[in-house]
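Undergrad: Mind looking over this structure? Questions follow.
The values are calculated or read from the model by the stated rules, or taken from the named source; none is laboratory data. Since this is a predicted model, take the numbers as computed values, not measurements. Counting neighbours? That spans all protein chains shown, and the Cβs are built from the backbone with ideal geometry, glycine included.
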Amino acid sequence: MSDSVILKPEDLPVPPEPAAALVFTHELLDQDFAKTCHGLLRGSARFRPVAVLDQKFAGRDAGEVMDGRACNVPVLPSLSAFLDAGLDPPDFFVVGVAFSGGRLPERCRGEIVAALERGMTVVCGLHQLLGDDPELRQAAERGGGRLLDVRRPRPTEALRFWTGDVLSIRARVLGVLGTD
């Protein structure tokens with residue numbers, strides 16, 4: 001299998017305008033697990049959601065499900081429903097949910113395969129690297145899709161060692177902390 005279907009985060013610069021994307025939440029749109037989707041719905045420099053794919057909330061406005069405020073992003077049950085509506089598929093399919101254990105559930109693979117076979121770039125932040133999955137790589141090769149695992153570590157030769165240069169910077173420091 002070719003590595004040509006695998007993208008690194010640095011291969012996807014922030015565009016001048018947010019790129020259209022489908023966001024997949026698999027029945028979790030109203031849960032905190034859909035934190036990636038929620039962030040995209042609130043605004044992103046990189047992606048503009050054109051629809052959320054979630055069977056449980058199909059037919060509703062994604063913003064109303066998320067926080068009670070409409071955002072004019074429809075919820076559709078699947079990629080096939082999006083295509084059946086005669087809409088042009090965007091270039092990007094974002095996995096907008098953090099599944100328990102950081103792994104893609106078996107029941108969700110079909111949507112990912114379908115997106116890859118339609119030539120879409122699947123962007124995923126799960127701990128499981130989808131680009132290491134032979135079935136998903138084959139689907140990408142068949143359809144011209146690509147896989148971008150945002151957690152994929154850089155190769156060892158691209159890493160740098162501590163030099164202490166940061167100590168010469170004169171700036172105020174603000175600690176920003178969070179939990180996952």
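Undergrad: Has region 99-116 got any residue that is under 20 Å from Pro13 (Cα atoms) and either surrounded by fewer than 16 Cβ atoms within 10 Å (Cβ to Cβ) or among the acidic types (Asp, Glu) (or both)? Break it down stepwise before answering.
TA: Step one: list which residues in region 99-116 are under 20 Å from Pro13 (Cα atoms), which gives none.
No, region 99-116 has no match at all.
Undergrad: Does any residue of region 130-141 turn out to be buried (at least 19 other Cβ atoms within 10 Å of the Cβ) and not hydrophobic (A, V, I, L, M, F, W, C)?
TA: First pass over region 130-141, keeping only residues buried (at least 19 other Cβ atoms within 10 Å of the Cβ): 130-131, 136-137, 139-140.
In the following step, the residues that additionally are not hydrophobic (A, V, I, L, M, F, W, C) were identified as 131, 137.
Looking for residues that are buried (at least 19 other Cβ atoms within 10 Å of the Cβ) and not hydrophobic (A, V, I, L, M, F, W, C), one finds at least one in region 130-141, hence yes.
Undergrad: So, Lys56, is that one more than 16 Å from the chain's Cα centre (by Cα), surrounded by fewer than 17 Cβ atoms within 10 Å (Cβ to Cβ) and in a helix (DSSP H, G or I) or not? Steps first, answer last, please.
TA: Details: more than 16 Å from the chain's Cα centre (by Cα): yes; surrounded by fewer than 17 Cβ atoms within 10 Å (Cβ to Cβ): yes; in a helix (DSSP H, G or I): yes.
Criteria met by Lys56.
Undergrad: Moving on to the next point. Mind telling me which of the residues Val75, Val14 ends up being among the β-branched types (Val, Ile, Thr) and modelled with pLDDT of 95 or more? I'd like the intermediate steps shown before the answer.
TA: Values: Val14 fails: modelled with pLDDT of 95 or more.
Checking each option against the conditions leaves just Val75.
Undergrad: Let me spell it out: the conditions are (1) modelled with pLDDT of 95 or more; (2) under 17 Å from Pro49 (Cα atoms), and Asp88 meets all of them except one. Which number is the exception?
TA: With respect to (1) modelled with pLDDT of 95 or more; (2) under 17 Å from Pro49 (Cα atoms), Asp88 is out only on (1).
Undergrad: Out of (1) in contact with a Ser or Thr (Cβ under 7 Å, 6 or more places away or on another chain); (2) buried (at least 17 other Cβ atoms within 10 Å of the Cβ), the odd one out for Asp91 is which?
TA: That leaves (2) as the condition not met.
Undergrad: Given the conditions (1) out of contact with any strand residue (DSSP E or B) (no Cβ under 8 Å at 6 or more places or on another chain); (2) not in a loop (DSSP other than H, G, I, E, B), report the number of the one that Gly119 does not fulfil.
TA: Every listed condition holds for Gly119 apart from (2).
Undergrad: Determine, yes or no, whether Phe93 is assigned to a helix (DSSP H, G or I) and modelled with pLDDT of 95 or more. Break it down stepwise before answering.
TA: On the way: assigned to a helix (DSSP H, G or I): no; modelled with pLDDT of 95 or more: yes.
Answer is no for this residue.
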